[in-house]
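The values are calculated or read from the model by the stated rules, or taken from the named source; none is laboratory data. Being a predicted model, the structure only gives us computed values, none of them experimental. Ideal geometry is used to build each Cβ from the backbone, glycine not excepted, and the neighbour counts take in all protein chains shown.
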Amino acid sequence: MRVLLTGASGQLGCELRPRLAAAGFALAAPEPEELDLARPGEIDSFWRQNRPQLVINAAAYTAVDRAESEAAAAFAVNAEAPAHLARLCRDTGAALIHVSTDYVFDGTKSAPYHEDDPVNPLGVYGRSKAAGEEAVRALCPRHLVVRTSWLYSAHGVNFVKTVLRLAAERPELRIVDDQHGCPTSAADLAEAIAAIVKRLRQEAQAIFPWGLYHYCGEGATTWYGFARKIVDLLQERGFARGVRVVPIPTAAYPTPARRPAYSVLDCRRIEAVFGLRRTPWAESLTPVVERLLEDRRGAGAGRPGEP
Ligand SMILES: NC(=O)c1ccc[n+]([C@@H]2O[C@H](COP(=O)([O-])OP(=O)(O)OC[C@H]3O[C@@H](n4cnc5c(N)ncnc54)[C@H](OP(=O)(O)O)[C@@H]3O)[C@@H](O)[C@H]2O)c1
């Protein structure tokens with residue numbers, strides 16, 4: 001099966017690429033310089049040359065705050081490109097796996113969000129992603145839309161790396177404690193998507209359970225709880241000594257984009273349909289923190305929080 005993986009250098013893409021290659025898929029994983037999704041003509045000519053049978057769209061404009069002032073750029077990548085890919089997939093009989101976000105929700109619920117709950121994004125990023133998933137669902141019958149949340153990995157820009165950096169620079173981290181969600185290891189999500197794709201290869205597409213799914217790490221926390229756990233892991237390993245983590249309200253940390261106060265995802269559908277087992281978020285965090293500490297040692301950096 002010929003697979004086009006977009007966003008191959010992003011957090012999720014970096015974890016997906018080796019898993020798909022190991023499973024024997026004929027993988028095209030272009031860099032943005034080779035395939036700029038904001039240019040429909042580039043998508044068309046790439047499509048003609050490669051004729052993918054499955055697209056995994058892990059590319060996105062993910063700068064949540066910057067999107068507030070760059071709406072056109074966010075919509076081009078998060079809404080218009082998925083719509084274009086969905087039309088091409090529909091017209092050529094290809095399948096499309098598209099990744100979306102918990103930020104399509106407004107956070108007013110206090111119980112985990114089901115796939116069928118209404119979306120009501122609070123910011124430009126969430127609106128652009130909601131438009132993208134809606135287009136995929138409307139235009140391409142053979143689609144999977146997988147919403148995830150609070151993604152982190154040893155690659156790219158994410159909260160874990162930010163906390164590691166700050167813990168090396170500051171004695172005190174003040175972290176928001178009234179936004180609730182589920183940290184998700186990009187490796188876990190990639191493992192889940194790879195398992196689904198392997199099943200897709202074996203099963204008749206006519207009976208495949210296409211549709212909308214949620215997948216995130218098991219268990220919920222706040223950004224404060226997430227940071228607290230990261231710093232605990234550092235301190236257990238002799239790093240970030242004396243660093244304090246202090247809970248603060250969202251009101252004390254204003255950002256350009258509003259974020260949902262609660263975006264815990266109910267993942268029972270993907271577990272039941274695909275037989276997936278999720279890992280507790282704190283368990284998946286440990287190897288990522290250890291990998292980042294190794295990378296630091298490799299780069300010759302000293303111990304975080306030490307002179
Ligand atoms: N990060 C999170 O916390 C989070 C939470 C929920 C859902 N999600 C969703 O999960 C998916 C994967 O996110 P991620 O964290 O892996 O994202 P990421 O690390 O920001 O990676 C996104 C990738 O998309 C590429 N890209 C951006 N604009 C492009 C364009 N015009 N043409 C081609 N490629 C382009 C980026 O390339 P450059 O780096 O070169 O720009 C990057 O490789 C996305 O759909 C995202 O919306 C993420």
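Remarks
Rundown of residues vs (1) assigned to a helix (DSSP H, G or I); (2) touching a residue at least 24 places away in the same chain (Cβ under 8 Å), yes/no style:
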| site | (1), (2) |
| --- | --- |
| Ala227 | yes, yes |
| Ile230 | yes, yes |
| Gly242 | no, yes |
| Pro247 | no, yes |
| Ala272 | yes, no |
| Leu285 | yes, yes |
| Arg297 | yes, no |
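- In the set (1) hydrophobic (A, V, I, L, M, F, W, C); (2) within 8 Å of the ligand (Cβ to nearest atom); (3) closer than 19 Å to Arg199 by Cβ, the condition left unmet by Leu35 is number (3).
- Unique residue being out of contact with any Leu (no Cβ under 7 Å at 6 or more places or on another chain) and crowded, with 18+ Cβ neighbours inside 10 Å when the list is Ala261, Ala227, Ala167, Ala194: Ala261
- Of all residue pairs spaced 6 or more apart or on separate chains, those with beta-carbon atoms under 7 Å, a first member in the stretch 145-162 that is more than 28 Å from Ala86 (Cβ to Cβ) and a second member that is in a strand (DSSP E or B) and near the ligand (Cβ under 8 Å from one of its atoms) are Phe159/Tyr152; Val160/Tyr152.
- Of the listed requirements (1) among the β-branched types (Val, Ile, Thr); (2) assigned to a helix (DSSP H, G or I); (3) crowded, with 19+ Cβ neighbours inside 10 Å, Ile175 misses just one: (2).
- Answer residue from the stretch 51-77, given it is over 12 Å from the mean Cα position of the chain (by Cα) and in a strand (DSSP E or B) and is nearest to the ligand (Cβ to nearest atom) among those: Ile56
- Boolean, Gly156 is part of a helix (DSSP H, G or I) and within 15 Å of the ligand (Cβ to nearest atom): no
- Flag for Arg17 being among the basic types (Lys, Arg), within 14 Å of the ligand (Cβ to nearest atom), buried (at least 17 other Cβ atoms within 10 Å of the Cβ) and modelled with pLDDT of 95 or more: yes
- Of residues in the stretch 89-106 being of a type outside the set (Val, Ile, Thr) and surrounded by fewer than 22 Cβ atoms within 10 Å (Cβ to Cβ), the one nearest to the ligand (Cβ to nearest atom): Asp106
- Val145 vs. criteria more than 9 Å from the ligand (Cβ to nearest atom), within 14 Å of the chain's Cα centre (by Cα), surrounded by 23 or more Cβ atoms within 10 Å (Cβ to Cβ) and under 27 Å from Ala72 (Cβ atoms): yes
- Among residues of the stretch 16-34 that are without any contact (Cβ under 8 Å) to a residue 12 or more places away in the chain, those with a Cβ under 6 angstrom from a residue that is more than 9 Å from the ligand (Cβ to nearest atom) and not aromatic (Phe, Trp, Tyr), sequence gap 6+ or separate chain, pair up as Ala21/Leu27.
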